[in-house]
Amino acid sequence: MSYKNFPMVPKVLFGRGSFNQINDVLAPKRLSINSPFIFLIDDVFKGNTWLLSRIALAYDDRVIFISANEEPKTSQVDNIVEDIILKSKERPSAIIGIGGGTLLDLAKAVSIMLTNDGEAKDYQGWDLVKNPAIYHVGIPTISGTGAEVSRTTVLTGPDRKLGINSDYTPFDQVILDSELTKDVPKDQWFFTGMDCYVHCIESLTGTYLNAFSETYGNMALNLCKEIFSENNLSEVDAQEKLMMASWHGGMSIAYSQVGIAHAMSYGLSYLLGIKHGIGNCIVFDYLEDYYPEGVSLFKKMKSEHNIILPKGLCADLSDREFDIMIDVAMSLEPLWENALGKYWKKTITREKLKALYQKM
Ligand code: NAD
Ligand code: ZN
């Protein structure tokens with residue numbers, strides 16, 4: 001047995017309004033006047049002076065607005081990297097990602113690809129990155145994915161949806177300011193928040209569970225219950241706590257693994273472009289055989305918050321399309337092994353997965 005030796009985010013700034021300190025955090029990191037800070041910002045903040053006016057741009061610093069309507073692609077990472085190289089006199093001093101999981105993952109991937117040759121797709125997998133990334137900062141504006149703390153950046157490439165998992169992927173600095181999440185639309189708050197809830201359930205019921213993952217998982221799960229089920233927190237408290245739940249949920253899966261909802265949701269996302277948070281919810285809703293308690297509370301929270309999930313997504317799919325989704329889901333072997341143990345192939349068949357997808 002060999003134990004994982006994994007990195008964690010070395011510096012964290014936490015607190016309501018802590019985003020105000022962004023310029024102080026960055027200043028000592030400037031390598032030269034020709035080496036810019038590049039801010040990758042969710043384009044939902046375009047024209048938002050409340051946020052943007054606090055970023056002091058100097059010299060060749062740039063803001064690049066990016067839409068989070070679609071999940072990050074390897075080709076998109078390559079294009080951003082090329083644009084940065086073409087327009088910068090020197091290699092950037094820092095890449096700063098401001099947004100949800102989409103922007104955080106893009107910032108991580110861009111910072112890696114600025115110091116590593118080839119294309120982003122070449123690094124999808126485990127421990128393929130050779131050179132340390134550029135100093136990179138993550139500033140979440142929506143809570144739940146755990147992307148702010150994780151060792152991966154999930155990308156859709158030409159052949160697969162798979163993360164760049166490496167010791168160089170985690171952020172060098174994270175700023176957790178829950179005030180930045182105040183305008184997240186209700187449905188999106190639920191979907192991304194449920195990503196955290198599902199991380200906890202999948203980690204805590206998995207065969208890979210250990211004391212490290214369990215303590216973080218329990219902490220995050222209790223916070224999720226307070227936020228989504230007990231409903232007696234002030235708005236500010238709920239935002240602060242969800243930010244910490246996301247962090248702890250991410251820590252929990254760092255040393256265990258996710259499970260069936262994630263495996264099947266990757267299939268939906270690959271074929272139909274369904275985003276991670278809502279995709280997990282769509283799948284999880286049908287997993288009562290595997291996660292009875294978790295799904296029952298999920299259904300309760302869903303109805304308490306009047307969330308309506310889309311239905312009939314797979315109604316008109318061809319057999320070939322079902323096969324694509326099933327292939328993607330089943331290729332994620334560690335997720336199944338975590339959920340069901342070493343002999344998962346005895347319980348999970350293609351027919352079973354097809355029957356589940358047909359319900360969605
Ligand atoms: P997201 O980044 O996709 O954003 C969802 C929506 O919320 C977008 O429309 C965005 O514009 C909007 N939004 C974000 N912040 C807002 C704010 N403050 N006010 C108003 N609107 C706001 O959402 P997400 O669920 O955080 O991220 C999903 C992505 O994260 C997927 O690409 C998934 O693959 C990835 N992910 C990564 C990891 C990891 O460990 N790296 C883990 C889980 C998920
Ligand atoms: Zn997730």
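The values are calculated or read from the model by the stated rules, or taken from the named source; none is laboratory data. Not measured: the values here are computed from a predicted model. Don't worry about glycine lacking a Cβ; one is built from the backbone with ideal geometry, like all the others, and counts go over all protein chains shown.
Brief remarks on what is shown
- Residue satisfying condition, being loosely packed, with under 15 Cβ neighbours inside 10 Å and outside any helix (DSSP H, G or I), within set Lys311, Lys345: Lys311
So that you can scan it fast, the table gives a plain yes or no per residue for (1) in contact with a Phe, Trp or Tyr (Cβ under 9 Å, 6 or more places away or on another chain); (2) at negative phi; (3) not hydrophobic (A, V, I, L, M, F, W, C):
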site: Gly101; (1), (2), (3): no, yes, yes
site: Val110; (1), (2), (3): no, yes, no
site: Glu119; (1), (2), (3): no, yes, yes
site: Gln124; (1), (2), (3): no, yes, yes
site: Leu128; (1), (2), (3): no, yes, no
site: Pro132; (1), (2), (3): yes, yes, yes
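- Within region 263-317, the set of residues being of a type in the set (S, T, N, Q) and touching an Asp or Glu at 6+ places or on another chain (Cβ under 9 Å) comprises Ser269, Asn280, Ser296.
- Restricting attention to region 159-184, the residues that are part of a strand (DSSP E or B), more than 10 Å from ligand 1 (Cβ to nearest atom) and buried (at least 23 other Cβ atoms within 10 Å of the Cβ) add up to 2.
- Members of region 159-174 found to be touching a strand residue (DSSP E or B) at 6+ places or on another chain (Cβ under 8 Å), without any contact (Cβ under 8 Å) to a residue 60 or more places away in the chain and either among the small types (Gly, Ala, Ser) or more than 15 Å from ligand 2 (Cβ to nearest atom) (or both), listed by number: Gly163, Ile164, Ser166
- With respect to the conditions (1) in contact with a Ser or Thr (Cβ under 9 Å, 6 or more places away or on another chain); (2) not in a helix (DSSP H, G or I), Thr192 falls short on a single one, namely (2).
Each row is one residue, and each column tells you yes or no for (1) more than 17 Å from the chain's Cα centre (by Cα); (2) within 16 Å of ligand 1 (Cβ to nearest atom).
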| residue | (1), (2) |
| --- | --- |
| Phe212 | yes, no |
| Ala220 | no, yes |
| Leu223 | yes, no |
| Ile227 | yes, yes |
| Ser234 | yes, no |
| Glu240 | yes, yes |
| Ala263 | no, yes |
| Gly277 | no, yes |
| Glu288 | yes, no |
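- Candidates Thr141, Thr156 - the one that is farther than 24 Å from Ser35 by Cα, surrounded by fewer than 24 Cβ atoms within 10 Å (Cβ to Cβ) and either within 16 Å of ligand 2 (Cβ to nearest atom) or under 16 Å from the mean Cα position of the chain (by Cα) (or both): Thr156
- Output for region 61-118, where each listed residue is assigned to a helix (DSSP H, G or I), more than 10 Å from ligand 1 (Cβ to nearest atom), touching a helix residue (DSSP H, G or I) at 6+ places or on another chain (Cβ under 9 Å) and within 28 Å of Leu271 (Cα to Cα): Thr74, Ser75, Gln76, Val77, Asp78, Ile80, Val81, Val110, Ile112, Met113
- Filter pass, Ser203 being over 12 Å from the mean Cα position of the chain (by Cα) and within 14 Å of ligand 1 (Cβ to nearest atom): yes
- Gly249 vs. criteria within 16 Å of ligand 1 (Cβ to nearest atom) and at pLDDT 95 or above: yes
- Residue check for Thr181: modelled with pLDDT under 95 and either small (Gly, Ala, Ser) or away from ligand 2 (no atom under 14 Å from the Cβ) (or both): no
- Pairs are defined by a Cβ separation below 7 Å, a sequence spacing of at least 6 or placement on different chains, a first member in region 273-288 that is more than 21 Å from Ile142 (Cα to Cα) and in a loop (DSSP other than H, G, I, E, B), and a second member that is within 11 Å of ligand 2 (Cβ to nearest atom) and hydroxyl-bearing (Ser, Thr, Tyr); no pair meets this definition.
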